[in-house]
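K.L.:
A single structure is presented below for examination.
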Amino acid sequence: MTGLAYTDARGRIYFDPSRSPLADGGIERPAEPDELIPAPPGTVSAMLPGRAPLVAPNVPAQRRTALAALLPAGYTRLLLPAVRSRPDAPALPLFGYTFACVVDDALHVAAMRTDESDDWTPRYFRDGELDALLRARQAEDPANRTLAQLALCSRDYGCFTAQNVFLERGEAALPVSPRCNAACVGCISELTPDAGMPSPQARVAFEADVGDLARIGIRHLERVSDGVVSFGQGCEGEPLLRVTTLERTIEAIRAVRSNGTLNLNTNGSLPKSLERLIDAGLQAVRISLNAFRRDAYAAYYRPVGYDLDDVLESIALAVRRGLRVSLNYLTHPGVTDEREEVEAVTAFLRAHPVAMVQTRTLNIDPERYFATVGRPREPLGMREALRRIQQLGVPLGNFTHTH
């Protein structure tokens with residue numbers, strides 16, 4: 001039997017095994033035993049201020065504050081915490097809120113393991129170790145603005161792909177674009193003034209130079225034989241808006257290095273620009289979307305000058321041209337597992353088999369997301385939704401893979 005995990009107003013965590021908590025999967029219900037696992041190492045507990053947890057039979061637990069879990073990389077969320085918000089409840093910051101409860105006096109979460117990678121294991125640097133790495137690398141190329149941006153992202157935001165540039169391992173970030181053609185409701189680098197909260201990080205403020213980008217990419221592939229040079233990062237807008245710069249950077253890197261993988265993270269909005277990059281030597285692409293239904297996609301992305309059909313055309317193009325294609329599928333219980341969504345994604349993947357579906361937790365206040373895209377009529381459950389993707393022979397994961 002599951003018990004209630006909650007906090008007090010000061011954030012102190014308590015267990016009450018006598019109360020049965022409800023979860024939110026688009027509808028409020030108890031969590032099933034196969035939806036729960038012991039909280040994995042790296043799980044962070046999060047207080048949900050102004051929100052009372054719901055307990056059976058669907059009533060708020062008064063004078064108690066709801067608790068959520070933030071999962072480590074490599075896990076996919078299956079359920080949300082079920083809560084009742086007070087009128088003065090503040091907007092929640094952009095994290096991935098996962099249902100948590102107590103089982104046998106231990107914290108459990110609604111999640112499943114979907115990937116493993118040493119490159120995405122949290123790193124603990126000795127005092128001064130990271131700063132020393134950043135200083136040493138920047139001293140070799142002191143005028144490189146992109147390298148300076150990556151140092152900032154490594155230090156201030158703990159970005160793994162930025163840190164990989166300095167650690168000389170795995171997937172290395174190369175941000176290129178300060179502009180975007182979408183205004184995502186949960187954008188992590190630039191939110192609209194009506195968002196009610198600041199972005200968790202600042203967007204890169206300059207247009208990266210081909211020479212700066214190429215030097216970083218060449219150096220990474222010199223040091224990492226199977227490394228990934230990855231355009232399109234969380235600190236930027238849409239890289240396809242700078243297609244000429246990317247085209248020239250890819251050509252400059254490939255004129256010197258033939259090893260490794262050149263990857264693009266994109267919203268897939270401009271298929272003709274993507275085709276130019278494929279012609280230049282792009283080998284892999286990860287295309288982000290929250291839904292395969294036009295209304296749900298448009299409500300969240302708020303695209304300018306393109307629509308979901310362009311995104312789907314880009315995926316089909318990349319598959320047809322033989323790239324390693326991953327989908328950065330921004331998952332959210334009650335939206336991803338809506339029957340209509342499951343049928344749409346499986347129909348598309350059956351016609352266009354991609355190399356991987358990366359199930360990324362959509363970081364957003366669940367109440368705000370449901371208000372944006374709507375609650376489901378018939379949620380099938382996240383496990384069932386992911387099982388149907390796997391039945392097509394499409395692997396699930398969370399990280400960039402090169403094979």
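K.L.:
Is it true that some residue in region 124-141 is without any contact (Cβ under 8 Å) to a residue 12 or more places away in the chain and among the hydroxyl-bearing types (Ser, Thr, Tyr)?
P.N.:
Looking through region 124-141, at least one residue is without any contact (Cβ under 8 Å) to a residue 12 or more places away in the chain and among the hydroxyl-bearing types (Ser, Thr, Tyr).
K.L.:
Right, here's the next one. May I ask you to verify whether Ala208 is closer than 24 Å to Pro303 by Cβ, hydrophobic (A, V, I, L, M, F, W, C) and either surrounded by fewer than 22 Cβ atoms within 10 Å (Cβ to Cβ) or in the same structural domain as Ile364 (by TED's automatic domain parsing) (or both)? Spell out the reasoning first.
P.N.:
Details: closer than 24 Å to Pro303 by Cβ: yes; hydrophobic (A, V, I, L, M, F, W, C): yes; either surrounded by fewer than 22 Cβ atoms within 10 Å (Cβ to Cβ) or in the same structural domain as Ile364 (by TED's automatic domain parsing) (or both): yes.
Spelling it out, Ala208 is indeed closer than 24 Å to Pro303 by Cβ, hydrophobic (A, V, I, L, M, F, W, C) and either surrounded by fewer than 22 Cβ atoms within 10 Å (Cβ to Cβ) or in the same structural domain as Ile364 (by TED's automatic domain parsing) (or both).
K.L.:
Can you work out which of the residues in region 222-233 that are surrounded by 19 or more Cβ atoms within 10 Å (Cβ to Cβ) and not aromatic (Phe, Trp, Tyr) is nearest to Val176 (Cα to Cα)?
P.N.:
Within region 222-233, the first condition is being surrounded by 19 or more Cβ atoms within 10 Å (Cβ to Cβ), and the residues that meet it are 224, 227-233.
Restricting the remaining residues to those that are not aromatic (Phe, Trp, Tyr) gives 224, 227-230, 232-233.
On the way: Val224: 22, Gly227: 19, Val228: 16, Val229: 12, Ser230: 10, Gly232: 7, Gln233: 8 Å.
Going through the qualifying residues, I end up with Gly232.
K.L.:
Something else: Suppose we filter Arg63, Arg86, Arg51 for residues that are more than 24 Å from the chain's Cα centre (by Cα), more than 18 Å from Thr331 (Cβ to Cβ) and modelled with pLDDT of 95 or more; which single one remains?
P.N.:
Numbers: Arg63 fails: modelled with pLDDT of 95 or more; Arg86 fails: modelled with pLDDT of 95 or more.
Of the residues listed, the single one that is more than 24 Å from the chain's Cα centre (by Cα), more than 18 Å from Thr331 (Cβ to Cβ) and modelled with pLDDT of 95 or more is Arg51.
K.L.:
Pick out the one residue from Ala143, Ala148 that is small (Gly, Ala, Ser) and part of a helix (DSSP H, G or I).
P.N.:
Working: Ala143 fails: part of a helix (DSSP H, G or I).
When all the criteria are applied, what remains is Ala148.
K.L.:
Being modelled with pLDDT of 90 or more, over 26 Å from Ser18 (Cα atoms) and part of a loop (DSSP other than H, G, I, E, B) narrows it down to one residue among Ala73, Ala91; which is it?
P.N.:
Values: Ala73 fails: modelled with pLDDT of 90 or more.
Matching residue, one of Ala73, Ala91: Ala91.
K.L.:
Return yes or no: is Ile278 of a type in the set (Val, Ile, Thr), part of a strand (DSSP E or B) and either outside the structural domain of Arg179 (by TED's automatic domain parsing) or over 14 Å from Ala172 (Cα atoms) (or both)? Before the answer, list the steps.
P.N.:
On the way: of a type in the set (Val, Ile, Thr): yes; part of a strand (DSSP E or B): no; either outside the structural domain of Arg179 (by TED's automatic domain parsing) or over 14 Å from Ala172 (Cα atoms) (or both): yes.
It is false that Ile278 is of a type in the set (Val, Ile, Thr), part of a strand (DSSP E or B) and either outside the structural domain of Arg179 (by TED's automatic domain parsing) or over 14 Å from Ala172 (Cα atoms) (or both).
K.L.:
Oh, and also: Which of the following residues is under 21 Å from Asn398 (Cα atoms), out of contact with any Ser or Thr (no Cβ under 6 Å at 6 or more places or on another chain) and either among the acidic types (Asp, Glu) or in the same structural domain as Val354 (by TED's automatic domain parsing) (or both): Ala284, Ala291? Quick ask: steps written out before the conclusion?
P.N.:
Working: Ala284 fails: out of contact with any Ser or Thr (no Cβ under 6 Å at 6 or more places or on another chain).
It is Ala291.
K.L.:
To continue, here is another question. Please tell me if Glu251 is in contact (Cβ under 8 Å) with a residue 60 or more places away in the chain and either in contact with a Phe, Trp or Tyr (Cβ under 9 Å, 6 or more places away or on another chain) or assigned by TED's automatic domain parsing to the domain that holds Arg145 (or both).
P.N.:
On the way: in contact (Cβ under 8 Å) with a residue 60 or more places away in the chain: no; either in contact with a Phe, Trp or Tyr (Cβ under 9 Å, 6 or more places away or on another chain) or assigned by TED's automatic domain parsing to the domain that holds Arg145 (or both): yes.
No; evaluated as a whole, the condition is false for this residue.
K.L.:
Tell me which of these Arg320 doesn't satisfy, since it passes every other one: (1) under 16 Å from Leu277 (Cα atoms); (2) in contact with a helix residue (DSSP H, G or I) (Cβ under 9 Å, 6 or more places away or on another chain).
P.N.:
(2)
K.L.:
Strands (runs of 3 or more DSSP E) wholly in region 1-66 with at least 1 residues that are among the hydroxyl-bearing types (Ser, Thr, Tyr) - which ones? I'd like the intermediate steps shown before the answer.
P.N.:
Numbers: elements: 4-7, 13-16, 36-38, 44-48, 51-55.
Passing ranges, in order: 4-7, 13-16, 44-48.
K.L.:
Let me ask you something else. Which of (1) out of contact with any Lys or Arg (no Cβ under 8 Å at 6 or more places or on another chain); (2) acidic (Asp, Glu); (3) under 22 Å from Pro178 (Cβ atoms) is the odd one out, the single condition Glu238 does not satisfy?
P.N.:
Of everything listed in (1) out of contact with any Lys or Arg (no Cβ under 8 Å at 6 or more places or on another chain); (2) acidic (Asp, Glu); (3) under 22 Å from Pro178 (Cβ atoms), Glu238 misses just condition (1).
K.L.:
Among the numbered criteria (1) under 30 Å from Ser20 (Cβ atoms); (2) in a helix (DSSP H, G or I), which single criterion is violated by Leu134?
P.N.:
Here Leu134 meets the rest and fails (1).
The values are calculated or read from the model by the stated rules, or taken from the named source; none is laboratory data. All of these numbers come straight from a predicted model, not from anything done at the bench. When we count neighbours, we look across all protein chains shown, and the Cβ atoms used for this are built from the backbone with ideal geometry, even at glycine.
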